[in-house]
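What follows is a single structure, written as C-alpha cells, with notes after it.
The values are calculated or read from the model by the stated rules, or taken from the named source; none is laboratory data. Predicted model only: the values in this text are computed from it and were never measured. A quick note on method: Cβ atoms are made from the backbone with ideal geometry, for glycine too, and the neighbour counts reach across all protein chains shown. Accessible surface is based on the protein model in full, side chains and every heavy atom, while ligands, DNA and RNA are left aside. Shrake-Rupley method; radii C 1.70, N 1.55, O 1.52, S 1.80 Å.
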Amino acid sequence: VQLQASGGGLVRPGGSLRLSCTASELTVSRYSMAWFRRVSGEEREFVAAIRSNSGTTYYSESVKGRFSISRNVAKNTVDLQMNSLKSEDTAVYYCAAGVPILSSVGQKSGYRYWGQGTEVTVSS
C-alpha cells in the first residue's frame, strides 16, 4: 500500500491550496481517509477525515469552515481543499488510511497507512 501526497507549496495568507492523496493497492472508498499535519517540533495533529461507508466528514476546530475533504472514487484519490489559509496552517501535511472506530477518527492510532507528507508554507 502506498499513499502519495501532493499539492503543497508556498501561498500567501488568505490564499488557497488543494492537496491530493493518491492511493495504490488500496481503494479509498473502502477506508476512512484522513489528513493530519505536523508543525516542526510538535506532534502530528488531526485536520480532517472522511469515513469509508457513510462519507461523513470530520474537521478539527482550527480548520472547520475553511478546509474541505473529499474523495474521487474514479481517480482513487482524497483531496483537501484549503481556503483562507493562515500562517498557523504552515506544516507538513500527511494523508492516512485506516478503519478507525468512531471515537478514533481524529486519532493517529486509528490509521494504519501513511503517506510521506507534503509541505505547506503560508507566508507573505
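With springs only between Cα atoms under 10 Å, which of G14, G106, G98 fluctuates most in a Gaussian network model of the chain?
G14
Between I101 and N76, what length in nm is gained on full extension when 0.36 nm per residue of separation is reduced by their alpha carbon distance?
6.8 nm
At q = 0.11 Å⁻¹, what is the base-10 log of I(q)/I(0) for the range 1-111 according to the Debye formula with one equal point scatterer per Cα and no solvent? Please give it to two decimals.
Values returned for q = 0.11 Å⁻¹ are -0.31.
I'd like the accessible area for F46, computed on protein heavy atoms only with a 1.4 Å probe and all protein chains in place. Round to 10 Å², please.
Solvent-accessible area, nearest 10 Å²: 40 Å².
Could you quote the convex hull projected area for the range 53-110, Cα atoms only and averaged over all directions, in nm²?
4.8
Ordering K108, K75, K64 by how much accessible area each has at a 1.4 Å probe, largest first, what is the list?
Result of the area sort, largest leading: K75, K64, K108.
Pull up the cross-link candidates among the aspartates and glutamates for K64, meaning alpha carbon to alpha carbon under 15 Å and not fewer than 8 places away within one chain.
List returned: E45, E88, D89.
Can you give me the solvent accessible area of T22 with a 1.4 Å probe, rounded to the nearest 10 Å²?
60
If the only charges are +1 at each Lys and Arg Cβ and -1 at each Asp and Glu Cβ, what is the size of the charge dipole of the range 6-95 around the Cα centre, to the nearest 20 debye?
Dipole of the range 6-95, to the nearest 20 debye: 260 debye.
With the dipole of the chain worked out from charges on the C-beta (+1 for Lys and Arg, -1 for Asp and Glu) around the Cα centre, which of S68, S52, T121 lies farthest toward the positive end?
S52
At 1.4 Å probe size, put E45, E119, E25 in order of accessible surface, largest to smallest.
E25, E119, E45
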